[in-house]
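Taking it in order: structure first as structure tokens, then the write-up.
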Amino acid sequence: LLRRDGEQIAIDHSAAPIRDRNGQITGVVLVFRDVSRERQYQARLSYQASHDTLTDLINRREFENRLRRALASAADFERQHAVMYLDLDQFKVVNDTCGHAAGDELMKQMSSVLQRRLREGDTLARLGGDEFGVLLENCSGEHAARIAEQLRQTVADFPFSWQGRSFSLSVSIGVVNVSGDLFNLAEILSAADAACYIAKEKGREIGRAHV
């Protein structure tokens, strides 16, 4: 319903006929119930179920849901996508030397920094701990490689300090280029994880895989 002041109110409604002695309808009873609070509560629960509470990024479950939809579009419409798996290398050092509060602050700051380097419409997710996922829809392999390098350099240039202590950061990135229809969600995530592991073994670089 639309109030006089222009605010919209979510309602549940019901209607029942009023009949005379002969069964003829002579009117109707309308009942409206304001369910705005219930709708807001449901929306809040839905948001919390799909987002990381610390960084406000989407979580692993929602990331996988979006990746499934992207894979379907790649198969149906022959689109190219890219998936990145990012592993922040110094997170454990910060946690162990300065405590979990410092680690939490690092994750929040890093989430904001990475988000600013992505295109509008790209998806950045916190997959857990010090791991991030990125979904680049409608993105060629060459463009994905450039974005990955930008993210790697952004992390390397990021000055994180905590109570007078400074930390040099780095990130290992696995990149998977997705095209065609001979793949599934598990294969994509496994390939991205393997590419990230290769990058870490080479010394905080960028690993690439194709499926």
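The values are calculated or read from the model by the stated rules, or taken from the named source; none is laboratory data. All values derive from a computational prediction rather than experimental measurement. Positions of Cβ are generated from backbone atoms using ideal geometry, with glycine treated the same way; all protein chains shown enter the neighbour counts. Side chains are part of the model used for accessible areas, which takes the heavy atoms of the whole protein and leaves out ligands, DNA and RNA. Shrake-Rupley method; radii C 1.70, N 1.55, O 1.52, S 1.80 Å.
Every residue in segment 22-37 that is touching a residue at least 12 places away in the same chain (Cβ under 8 Å) and not aliphatic (A, V, I, L, M), please.
Result: F32, R33, D34, S36.
Give the number of residues within segment 148-199 that are hydrophobic (A, V, I, L, M, F, W, C), in a helix (DSSP H, G or I) and open to solvent by 10 Å² or more (accessible area, probe 1.4 Å).
7
When segment 103-131 is examined, which residues are found to be assigned to a strand (DSSP E or B) and free of Cβ contacts under 8 Å to residues at least 60 places away in the same chain?
Within segment 103-131, E131 is the sole residue that qualifies.
Restricting to segment 67-93, and then to whatever is in a helix (DSSP H, G or I), under 21 Å from A144 (Cα atoms) and open to solvent by less than 40 Å² (accessible area, probe 1.4 Å), can you tell me which residue is modelled with the highest pLDDT?
By that ranking, first place goes to L67.
Test I18 against the criterion of being surrounded by 11 or more Cβ atoms within 10 Å (Cβ to Cβ), modelled with pLDDT of 90 or more and farther than 29 Å from K200 by Cα, and give yes or no.
No; evaluated as a whole, the condition is false for this residue.
Report the residue count in segment 21-66 for those that are aromatic (F, W, Y), open to solvent by 40 Å² or more (accessible area, probe 1.4 Å) and in a helix (DSSP H, G or I).
The number of residues fulfilling the criteria is 2.
Quick check on F132: is it open to solvent by 10 Å² or more (accessible area, probe 1.4 Å) and aromatic (F, W, Y)?
The answer is no for F132.
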